[in-house]
Each structure stands twice: as C-alpha cells, then as structure tokens.
Amino acid sequence: MAPSSATSPAGNRSGVQLSNTKTTVEFRAALVAMAIVALIPLGVSNPYWLGVLIVSMYFAILAGAWNLLAGYTGQFSLAPATFAMIGAYTTGLLNHYFGVPPLLGIVAAVVVSGLVGLLLGRAVLRLVGPYLALTTLSFAEIMRLVASNSIDITRGDLGLGVAGLLDSRIGWYYLFLGALVVLLILFYMLLRSKAGLFLQAIRDDEVAARRAGVNVVFWKTTAFAISAAASGFAGALYAHFAELVTPELGLIGQTGLIVSMTVIGGMGTLAGPVVAAFLVYVLSEWLRDVGGYQLVVFAALVVIFARFFREGLWGLARAAVQRWGRA
Amino acid sequence: MTLLSVRGVSKRFGGLVAVNNVSFDVAASELVGLIGPNGSGKTTLLNILSGLADPDGGEILLDNVPCQGLTPERLAHRGVMRMFQLTRVFRRMNVIDNLLVAGRALGLGADEALARAHALISELRLDVIRHLDAGQLSGGQMKLLEFGVCFMVPPRIALLDEPFAAVHPTMKEIMGDFIRARHEKGQTFILVSHDMPVVVELCPRAVCMNAGDVIIDATTREVLNDPRVIEAYLGGQAA
Ligand SMILES: Nc1ncnc2c1ncn2[C@@H]1O[C@H](COP(=O)(O)OP(=O)(O)O)[C@@H](O)[C@H]1O
Ligand SMILES: [Mg+2]
C-alpha cells in the first residue's frame, strides 16, 4: 500500500519529486509484459493458440478500458461488452450497407461508441453503487436485444458478414498488440496528467472532489466516453478480424469475463487487468475442454480477490517483490 | 469591506428548523468563531455556505455577488473552501496527491501545485507520511491533511468545521499556529469549534447559535460571558 515510502529512498530526496511513480512502475511492467507477448509468436505458430492470444488482446483492451472507469473513477458500469458490440456494429453496418472501408469504419466506431458512452455517462450521473450497476446492466441488455431483434438490419443472431482487413494471423496478432500498446500509452499519459488525479479523487470521495473544485460532471462523463470509445475500438477491430458481427459480443458473460480480468489483475492498477486478461482468457480456453466450469471458477476467483486481495495479482506481485527486496 | 454577507438564511428538515433566519456579515481578513451546542445548526449553515445544501430562504453574498444555489465546485473556484466535521480525504491517494487535486482543480500548473504541496507539507509537518495513502493516516493526520487541502490555493474565505475535534494536542497547535499566521496575513475564516480556550485565543469575534438561531454576535469575551450562551450550553448538556 505504501510502495515508495516504505522501501525506496525517495522519501529522503529533497526538493520537487514525482508523486505518480506508482503509475510509472505499473506502466513499465505492462510494457515488459507486452514485450514478452510480442516474442510469443517466435515459439508458438499454432494458429489456434495465436487466435486465443489475439482474443486475449481484445479482452485486454476491454479490461484496460473498464479499469479506467471502474478501477480509477469508481464507476461500476456493467456495459463494457456493450460498447464493444456498438463499435463492431458501427463499422459492420457501414461496411455491409455502404461499403465503407474498415479503417474508416473503425474511426467511426470509436466516435459513435464514445458518444453513446458520453450519453450513458450523463444519464447515470447521479447514480451510485448498485443503482449504477443495475441501470448500466439494463442498458446493456436492451442494446443487445435491439441488435438481436433488428433482424432486417442486423440479420439478428445470424450475424452480419463484414470485410476482412489483413490476411495473416500474425499480422492480426501484431495489429492487436500495437493497438493495446498504444492504448496503454494513452491511458498512462491520461493518468499522469491532472485528469488522473481528478478521476481517482472522484472515485475516493465525490463530495471532497467537488469541495476541491473538481468538475465532477465533466470528468465522470469524460471517463465514460473514453472508456466506451476504447471498448468500441476493440470491438471494431474484432469485427474485421472475425469478419462477422453478432449480438453475442454484448453478452453479459463477456462483461463477466472483463470484470473477472480486471478484479483478478488488480482494479485501479495499470498493468494488472491487462496482464490478467491473458491469464484469464487462456485459462478459460483450457477450462472449456474440462467442461464449461470457467464462469464458476472465475466467479469464485472474483469473490476471493475482491474480498482478500483488493489490489489483485498486481498487488500480490508487488508485495512479493518488496519482501524479496527487504530480505 | 464585507466579504461574506449572510442575510436571513433558513433551512428546515421536515418540522425541524435547523437554521432560522440567520444574518451576519464577515469582513475581509476577519476570523470569526462560530459556536453553539450540538445540533444548533453550525454544520448546516456551513453546508449552505459551501453549496452542499440549498437554503429554504435568504440570500448569501460573496464579494457583493449573490452565490446561493451555486454548486460546491463553483464556490470552490469563487474562493469558498470548506473543511468537514467528518473528515473527507481521498483515502486511496497519497498525501501529496490529495493536495495536488485541489491545486490542479483550482487552476495551478503542475510545477506550481507540486511546489505548494511541498511547502504545505513541511509547514504542517506531514513530511514523514507524505507518500502514505491518506486512508492509512491517523484521524488527526487526516484532519491535518484536509486542513492543508483548504489552503493549496488561499481561499477568499475558509470555513473550518471543528478542525480541532479529537486531534492530538501537537497537531492542534500546528493548526492553531497556521490559522494565526494566515490570519495575520489577511486570510478570512469562519471557525466552528467547541474548544473555548482556542476560540478565545484565536477569534476576536464570535457568533453563537442555539437551536438554529443566532443568539449573540459580539466580541468573543462578551459572547462567552453572556448568560444566554451559558444557558444554551447548560441546557444542551442537560438534554
Ligand atoms: N440532513 C439532515 N436531515 C435531517 N436533519 C438534519 C440534517 N442535518 C442536520 N439535521 C439536524 O439539524 C440540526 C442542526 O444540525 P447541525 O447543523 O449538524 O448542528 P451542529 O453542527 O451545530 O452540531 C440538528 O438537529 C440535526 O439533527
Ligand atoms: Mg456540526
């Protein structure tokens, strides 16, 4: 809980010093993890496992985006998968009906999902805790049902065929990795700026934030919009990777996975959720063979982590490193 | 010159009149003690002045401009800073970041905010704990931190709600010295406190409330010797 003061000599240095070293350490750890991910294709060429890792990266973006909203801003929305779905349908419909090229469609998806996120953020501004969770959950289900039932437009559960973007799986692998790294950099810059201070202040105590002059309305809606835009971006990429868009992207189970990844990795830490996305998704692929127990396992893990390890795997790893450093 | 003017402000909670037609002025650079037994309406009045509660009636002027109904964040930008009776800090952020939030939100640049945070940290003797998360501090240290937050950008008026309650004497002294030094430099305060010796020592003027009413507004000596004040406190204790 007290990384710098307890173990580093930073406390003795005089003059101006950076207070957000915590975020910097997490950012570097995340970059190291991504460097390892970049090396995996050198040893693994099995297209199935490459595919699993690509989907892991899709989830890593979603977990990172949800973490910004839930972990850093304290807004426990249950609609992250919905924004991925909105992004996927934005580029999917534009491509299917108007022949809009994927790159343009992806930009449109970011804008549209960001705007919908902004509106949702506005609508739930005064809601807290369970009320916020339930309202965003209803929103998520409504959007999914709309997508599923607008059969004339979306072809419903059959799904909508969309154009591909790259031919090689390796190409997709590094495209997703690049997207993930870019988002990590953007989130890092955001969190190191005054925005990072304001978002965390809102999470910790909204009244105290207002007393200190923080424009809570603006920053909350901004967090919703950014988180939604990043999720929509992931969904749009995924649409062109799978060459198919279905309402399943917005299933509650998908949000369940995103929440598991974030909580297990460590809410409100930059590296934890992103790394945990790989662990959880790969594990879920393994468990799939064992027979459909993955959601039960993850639900149990979420409860255990939320109860006993508030900072998730990241917190555990940091504690281990500190103990080792002191020994 | 009048900085804050409270004119006929009232606030009801159902049948209870928590603040009843309260009027008083605070001049620039004044340090006014606001006293009164528990439940007399002091915190409710500060809630109204800081935008956290809407008055049922009356008018509040800050620098001669009406400001009732403004949000707490707008009032913070207008220079109304308020310390809560029940301490409010950002528990999962460290001491420095707690201070930076106010500095940055009120318009300071990154370097300027950091420099001021460090100056406050040393003035309030928070050096040793400056990298700890606020949630790990003792109750008194949290109060000291919240006190510091109020002065990241010197406010037009600081509203302090029982800053000394349940605080270690050493920290009480640090806050007292700080208030005295800032007051000498012209900082305006309303100080709510139950600690009569401190009020006598710091505040030239006091306002006493009882059951929502202002019962006397005079020099602190006069107020403390007034039979109505003694009666109010004794009555409050008996109840
Ligand atoms: N939100 C509220 N709802 C109902 N009654 C309240 C509320 N806030 C304060 N009160 C009542 O208003 C009266 C004044 O309270 P308060 O302003 O906290 O007094 P003080 O700060 O002087 O102790 C008390 O009787 C209290 O119970
Ligand atoms: Mg009170």
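The values are calculated or read from the model by the stated rules, or taken from the named source; none is laboratory data. Here the structure is a predicted model, which is why all the values come from computation and not from measurement. Don't worry about glycine lacking a Cβ; one is built from the backbone with ideal geometry, like all the others, and counts go over all protein chains shown. Side chains included, ligands, DNA and RNA excluded: accessible areas come from the protein's heavy atoms. Shrake-Rupley method; radii C 1.70, N 1.55, O 1.52, S 1.80 Å.
Modelled spin labels at A:Val182 and A:Ile142, positioned 7 Å past Cα toward Cβ, are 3.2 nm from each other. In plain terms, the bigger the Kirkwood radius, the slower the diffusion; for region A:19-251, with that radius from Cα pairs, at 4 °C and 1.567 mPa s, Stokes-Einstein puts D at 71 µm²/s. Between the amide H of B:Gly33 and those of B:Leu191, B:Arg205, B:Ala206, B:Val207, distances stay under 5 Å, these residues lying 5 or more places away or on another chain, with hydrogens modeled in the peptide plane.
Each peptide in B:43-49, A:89-95 was scored by the mean count of other Cβ atoms within 10 Å over its residues; highest first, the order is A:89-95, B:43-49. Measure up A:Lys194/B:Lys11; A:Lys194/B:Lys143; B:Lys11/B:Lys185; A:Lys194/B:Lys42; B:Lys11/B:Lys172 against 28 Å on the Cα-Cα distance and list the ones that go over. Checking Cα-Cα distances, A:Lys194/B:Lys11; B:Lys11/B:Lys185; A:Lys194/B:Lys42; B:Lys11/B:Lys172 exceed 28 Å.
What does the net charge come to around A:Ala320 if you take all other residues with beta carbon closer than 13 Å to its beta carbon, with K and R at +1 and D and E at -1? Show your work: numbers first, answer last.
Working: positive: A:Arg318, A:Arg323, A:Arg326; negative: A:Glu311.
Summing Lys and Arg as +1 and Asp and Glu as -1 gives +2.
Approximating the spin labels as points 7 Å out from Cα along Cα→Cβ, the B:Val128-to-A:Phe218 distance works out to 4.0 nm. Annotation note: trypsin sites (Lys or Arg not before Pro) in region B:138-239 located in DSSP loop regions with a Cβ neighbour count of at most 14 within 10 Å are B:Lys185.
A simple charge model with +1 on the Cβ of Lys and Arg, -1 on the Cβ of Asp and Glu and nothing else charged puts the dipole of the protein assembly as shown at about 700 debye relative to its Cα centre. For chain A, modelled as a GNM whose springs connect Cα atoms under 10 angstrom apart, the maximal fluctuation among A:Ala236, A:Ala299, A:Ala81 occurs at A:Ala299.
When only Cα pairs below 8 angstrom with a gap of at least 6 residues are kept, chain B shows a relative contact order of 27 percent. Projecting the Cα atoms of A:Val100, A:Val162, A:Leu125 onto the charge dipole of region A:75-189 (Cβ charges, centred on the Cα centre) puts A:Leu125 farthest toward the positive pole. Applied to region B:30-47, the Karplus parametrisation 6.51 cos²θ - 1.76 cosθ + 1.60 on θ = phi - 60° returns per-residue 3J(HN,Hα) values of 7, 10, 9, x, 10, 10, x, x, 3, x, 7, x, 5, 5, 4, 4, 5, 4 Hz, with x for Gly and Pro. Ranking A:Ile54, A:Ala209, A:Ile226 by Cα position along the charge dipole of region A:19-251, where only Lys, Arg, Asp and Glu carry charges on their C-beta atoms, puts A:Ala209 farthest toward the positive end.
Per-residue shielding of B:110-120, expressed as the average number of other chain Cβ atoms within 10 Å of the residue Cβ, stands at 2. Remark: mean inter-chain Cβ contacts per residue of B:94-101 equal 6, using a 10 Å Cβ-Cβ cutoff to other protein chain atoms. Taking label points 7 Å from Cα along the Cα-to-Cβ direction, A:Val107 and B:Met196 give a separation of 7.4 nm.
Between the helical axis of B:139-149 and the longest alpha-carbon principal axis of chain B there is an angle of about 80 degrees.
A simple count of charges around B:Ala76, restricted to other residues whose Cβ falls under 10 Å of its Cβ and scoring Lys, Arg +1 and Asp, Glu -1, yields +4.
Note on B:Asp54: accessible area approximately 100 square angstrom, rounded to 10, probe 1.4 Å, nucleic acids and ligands left out.
Which percent of the accessible heavy-atom area of region B:1-53 goes to carbon and sulfur, probe 1.4 angstrom? Don't skip to the end; give the middle numbers.
Details: 930 of 1940 Å².
Percent of accessible area from carbon and sulfur atoms in region B:1-53: 48.
Distant-in-sequence amide contacts of B:Arg82, defined by a placed amide H-H separation under 5 Å and a gap of 5 or more residues or a different chain, comprise B:Leu159.
By Kyte-Doolittle mean hydropathy of at least 0.5 and Cα axial length of at least 20 Å, which whole DSSP H helices of chain A are selected? Write down the numbers at each step before the final one.
Working: long enough: A:21-43 (34 Å, 1.33); A:47-66 (28 Å, 1.57); A:80-98 (27 Å, 0.59); A:102-123 (31 Å, 2.05); A:129-149 (30 Å, 0.77); A:169-192 (34 Å, 1.77); A:216-242 (39 Å, 1.15); A:272-291 (27 Å, 1.09); A:294-308 (21 Å, 2.31); A:312-326 (21 Å, -0.19).
Passing helices, by number: A:21-43, A:47-66, A:80-98, A:102-123, A:129-149, A:169-192, A:216-242, A:272-291, A:294-308.
Taking all protein chains as shown and a probe of 1.4 angstrom, B:Asp25 keeps an accessible surface of around 70 Å². The HN-Hα couplings worked out from phi for region B:113-126 by the Karplus form 6.51 cos²θ - 1.76 cosθ + 1.60 (θ = phi - 60°) are 4, 5, 5, 5, 4, 5, 4, 5, 4, 6, 5, 8, 6, 9 Hz, whole numbers, x standing for Gly and Pro.
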